[in-house]
Amino acid sequence: MNHREKNTHGFFEERPLPAMEVASQMLRRRARRDVLLFGAGALAALVGGGSLLRKKAWLLNKAIRIDDDVAEALYSENRSVPTYTKSQITPLKNNYNGATPDPGYIPGWHLILNGLASGVSVALDIRSLMTRFSIHEQITRLVCVEGWSAIAWWAGVRFDDLIRAYPPMSQAKWALVASSVNLDGSGNPDPYFMSIDLPTARHPQTLLATHFNGQPLTVDHGAPLRLLVPVKLGLKNVKAITKITYSAEAPKDYWAERGYSYYDGI
């Protein structure tokens, strides 16, 4: 199996991480702005119609699909989000989609991999992940769809390293990242699942995070393993991952099923 040799030298040493700004980021923001302006103008033009609600829903869905297409077309593995220094770190709140799970699941936790080229499922515990793979650290901004953001110091396994070690089936284009321990606001089981395209999973800044601000993840932040994908909105950053399933077709997606964007890039 092809995987990188473990190298944790300097894992928690403080060293400056230069900020990087990329022209395509500005292009993407302008493209998203133009799509939203187009949608707003088109909706205004439809106000006088007798079937406004139906046309409004169609137009909003169309705008979301156009927005996703623009974001996907502008994606590049060479486009990195800015990185920061430890002096720029800001507080990160617990923002679970629902109630924070009880930590009782952690002792028996395993990451299940399905849809592999081998045709069999693989179960990995956190010790296996941390001893087999190199640990990478980065300080990046987490952007929430609710309008807030925070700069935090993360460390973990690159998703790409996991993919190299356990290759998906040859036709795979997507990964379904799921948490079976997620709860709803009343504390009842509410599995959370998000789709991520494989090019984004392979991005060098996409981590399966194990540490936050120099310490192992707490339950609040998705212990023992969470997805960290800085080129996507925070809702894609699944906490307490329990399963990753690769597929050729776009899988189900928690928020897309509720009428939101599928791609959710920034």
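Some notes on this structure:
- With all protein chains modelled, accessible area of residue 232 [1.4 Å, Å²]: 10
- Largest-first ordering by accessible area, 1.4 Å probe, given options 100, 140: 100, 140
- Area accessible to solvent at residue 105, 1.4 Å probe radius, in Å²: 40
- Treating each Cα of segment 136-245 as an identical point scatterer and summing with the Debye formula, the log10 of I(q)/I(0) at q = 0.15, 0.18, 0.19, 0.23 Å⁻¹ comes to -0.62, -0.90, -1.00, -1.41.
- Computed from the Cβ-Cβ distance with R0 of 22 Å, the FRET efficiency linking residue 249 to residue 123 stands at 0.35.
- Ranking of 194, 169 by solvent-accessible surface, largest first: 169, 194 (1.4 Å probe, protein heavy atoms only, all chains present).
- Fully extending the segment from residue 218 to residue 112 would add 36.1 nm, taking 0.36 nm per residue of separation and subtracting the current Cα-Cα distance.
- Of 120, 229, the residue with the largest accessible area leads and the full order is 120, 229 (1.4 Å probe).
The values are calculated or read from the model by the stated rules, or taken from the named source; none is laboratory data. Remember, predicted model here, so these are calculated numbers, not experimental data. Reconstructed Cβ throughout: ideal geometry from the backbone, glycine too, with neighbour counts over all protein chains shown. SASA here: full protein model, heavy atoms, side chains in, ligands and nucleic acids out. Shrake-Rupley method; radii C 1.70, N 1.55, O 1.52, S 1.80 Å.
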